[in-house]
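Below is one structure, written out as structure tokens; the observations come after it.
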Amino acid sequence: MKQGTVRLIVLVLVAALVLGGIGIAIAGLSSGDGSTPPGSDSSEAARPVPAPTTTPEPGAQEPPRPALARFYEQELDWQACGDQECTRLTVPLDYARPGGETIEVAVLRVPAADPGQRLGSLVVNPGGPGAPGTTYASQAGLVFGRPLLQRFDVVGFDPRGTGFSTAVDCVSDEQLDVFLAADPSPDDREEAEALAQAQRAFNAGCAEESGELANHVTTVEAARDMDVLRSALGESTLTYFGASYGTKLGATYAELFPDRAGRLVLDGAVDLSLDLRERSLGQARGFETAIRAYVENCVASDGCPLGDSVEGGLRRLTDFLDEVDAQPLPAGDRELAVGNAFYGIVAPLYNRDYWLLLTRALGAALGGDGRLLLQLADLYSSRGPDGYTDNSSEANLAINCLDDPTAVDPAEVPAQVPAFQRVSPTFGEVFAWGLAGCLGVRAEATVETPEVDASGAPPIVVVGTTRDPATPYAWAEALADQLEPGVLVTRDGDGHTGYNAGNACVDEAIESYLLDGTVPDDGLRC
């Protein structure tokens, strides 16, 4: 596999860590010719859309409270990081006690390719929660179109608790290996108890190893950090692109700071009104749609290792997982256990371009070689040859369970399984057991999660993809409806998120909004 391909896979999979569901983590086709231009005559278009600024307006660095002035007035010390630039932002651990302990947020920017036409900073977040935004920004040339790269500094940050910022820690690499390899859908009481014990130990470890930080990695606090970053960047308003969980972060920002919200794009949207069970059912349904689309494509192609029918192919997949559960496969100097096999299968579903990789990996695994499928699972969890390259798996759980510590007792999960299997015969049982993911959480949030409608913010572009496995399309419809200034753009296609996925109509709508403030027609379908 070429290094460039690997880099792109890593980027997409990091961006697509699922929001609160499976195990510890589980947090384009055009309807026409793809050339429909974004409109400018919708009712939302008449609302003022703040333009990015190269020079901050008076009052841009005024803090919400005087005690936060030293954070809002800080100057960033940019250092060369290859052909990019990096720095660290200082923020309070607890915004209620700004004179107390501080933490650091890692920041990386890719300067605008055309400095003479620079519009300002485009702050980006890849989702997760837990995925490092510095990695996302460093790969800006693969993620964002040339028009944005020409005129914006692309700025990524690792949200508090993640990546190179002051980071949470929960378990050792060895313990994380064991946890990810475990059966995500226990077969008997003994396996269920083992999973519950591992979940409790993992969640207790976050509090024990991370101390007070574990109580301060909420989405609300990360959104407050974004406003400090906006001020330190010299921006009067925030121009932002958030994917997946990044849509929750962006919507929360707009709720907390509607007067500082600029041009916000939320791609692969999360429905903020759902409880744990509803979120998990939605994702189970989304991944079932995705795996069926993949198998349908596979069996219609030459050399598909799953046979020649969709239903037969799906049965072969579930039989394969049962076989690996009973006997892990050799995978070089490691082995492919059932948990790894599951993650290796779902990871490529995030992007249709990777279906061929999944077919190759399944072909090898069905032949007794688990190396390729393990590689896909490792990419999903950010595991390198010498251990984990970031703490995204740990941070994902820590953030999700702090935002919502709801957990179903393992003894009650079997009663939930039939409902999950109805929406996902292939993966339903796994998602049902994911309801116990926050079991034994000890960290406690010190801030309340607000109800979000972003009243008073300018138009917010919400993007949904019709066959998105991780953030189902219905979630984008819901978020656009929940946000008072929400404007929905639909991509008809497969995979997670809609921008830069081969649909010119979607790309033009997003880029026109970020560059020119042209608001797409609400309901634009591409």
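A compact table of results
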{"item": "Of the criteria (1) under 27 Å from GLU448 (Cα atoms); (2) at pLDDT 95 or above, which one ARG109 fails", "result": "(1)"}
{"item": "Number of the exception - ARG230 against (1) within 21 Å of CYS401 (Cα to Cα); (2) assigned to a helix (DSSP H, G or I); (3) not β-branched (Val, Ile, Thr)", "result": "(1)"}
{"item": "Looking only at the range 505-523, and only at residues there that are of a type in the set (A, V, I, L, M, F, W, C) and out of contact with any Ser or Thr (no Cβ under 7 Å at 6 or more places or on another chain), the one that is farthest from LEU148 (Cα to Cα)", "result": "VAL506"}
{"item": "Boolean, GLU75 is in a helix (DSSP H, G or I) and at pLDDT below 95", "result": "no"}
{"item": "Selected residue (criterion: farthest from VAL155 (Cα to Cα)) from residues of the range 209-228 that are β-branched (Val, Ile, Thr) and touching a strand residue (DSSP E or B) at 6+ places or on another chain (Cβ under 9 Å)", "result": "VAL217"}
{"item": "Test for SER393: is it modelled with pLDDT of 95 or more, buried (at least 19 other Cβ atoms within 10 Å of the Cβ), in contact with a helix residue (DSSP H, G or I) (Cβ under 6 Å, 6 or more places away or on another chain) and not aliphatic (A, V, I, L, M)", "result": "no"}
{"item": "Some residue of the range 477-490 being in contact with a Cys (Cβ under 8 Å, 6 or more places away or on another chain) and surrounded by 20 or more Cβ atoms within 10 Å (Cβ to Cβ)", "result": "yes"}
{"item": "Index of the failed condition, LEU272 passing every other in (1) farther than 28 Å from ALA436 by Cα; (2) crowded, with 21+ Cβ neighbours inside 10 Å; (3) of a type outside the set (Val, Ile, Thr)", "result": "(1)"}
{"item": "Failed item in (1) buried (at least 19 other Cβ atoms within 10 Å of the Cβ); (2) at pLDDT 95 or above, with LEU256 passing the rest", "result": "(1)"}
{"item": "Filtered residues of the range 455-470 (kept if assigned to a loop (DSSP other than H, G, I, E, B) and within 21 Å of the chain's Cα centre (by Cα))", "result": "ASP468, PRO469, ALA470"}
{"item": "Some residue of the range 149-162 being acidic (Asp, Glu) and at pLDDT 90 or above", "result": "yes"}
{"item": "From the options ALA131, ALA106, ALA137, residue that is in a helix (DSSP H, G or I) and either within 19 Å of the chain's Cα centre (by Cα) or closer than 21 Å to GLU209 by Cβ (or both)", "result": "ALA137"}
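The values are calculated or read from the model by the stated rules, or taken from the named source; none is laboratory data. Note that the structure is predicted; figures quoted are calculated from it, not measured. Neighbour counts are summed over all protein chains in view; Cβ atoms, including those assigned to glycine, are modelled from backbone coordinates with ideal geometry.
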